[in-house]
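Working notes, beginning with the structure itself.
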Amino acid sequence: MKFKPVTLVASAFAFAALGACAESEQEAQEDLVEQEYEAQEDVLEEQADLAEAQGDEAAEEALDAEADAMGEAGDQAEDQVEEQY
């Protein structure tokens, strides 16, 4: 009979740990998605800066627009990860 409360406590800790793992997995996936899109956005911004330095205003504007779109796509992708959980 003494084992029953111990088993209940151990089970409660196990379920709490599983819940924490699921939350950690979600956070990790969100972070990964965010980092991937931010990295692509950063590359586009650097390319835009280079185009500006080279005097290519049209390329700069196009790359800036792509970088903005990438940032928005990253936000949407992160939201989709959140919706999965």
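The values are calculated or read from the model by the stated rules, or taken from the named source; none is laboratory data. If you're wondering where the values come from, they're calculated on a predicted model, not measured in any experiment. Note that each Cβ is placed from the backbone with ideal geometry, even for glycine, and that neighbours are counted across all protein chains shown. Only protein heavy atoms, including side chains, enter the accessible area calculation; ligands, DNA and RNA are left aside. Shrake-Rupley method; radii C 1.70, N 1.55, O 1.52, S 1.80 Å.
Of everything in region 25-68, what is small (G, A, S) and closer than 25 Å to Y85 by Cα? Give them in sequence order.
A28, A39
Does region 21-28 contain any residue that is assigned to a helix (DSSP H, G or I), open to solvent by 70 Å² or more (accessible area, probe 1.4 Å) and modelled with pLDDT of 85 or more?
First pass over region 21-28, keeping only residues assigned to a helix (DSSP H, G or I): 21-28.
Then keep just the ones that are open to solvent by 70 Å² or more (accessible area, probe 1.4 Å); that gives 21, 23, 25, 27.
From the residues that got through so far, the ones that are modelled with pLDDT of 85 or more too are 25, 27.
Taking every residue of region 21-28 in turn, at least one turns out to be assigned to a helix (DSSP H, G or I), open to solvent by 70 Å² or more (accessible area, probe 1.4 Å) and modelled with pLDDT of 85 or more.
Is it the case that some residue within region 35-42 is surrounded by 14 or more Cβ atoms within 10 Å (Cβ to Cβ) and of a type in the set (S, T, Y)?
Scanning region 35-42 turns up at least one residue that is surrounded by 14 or more Cβ atoms within 10 Å (Cβ to Cβ) and of a type in the set (S, T, Y).
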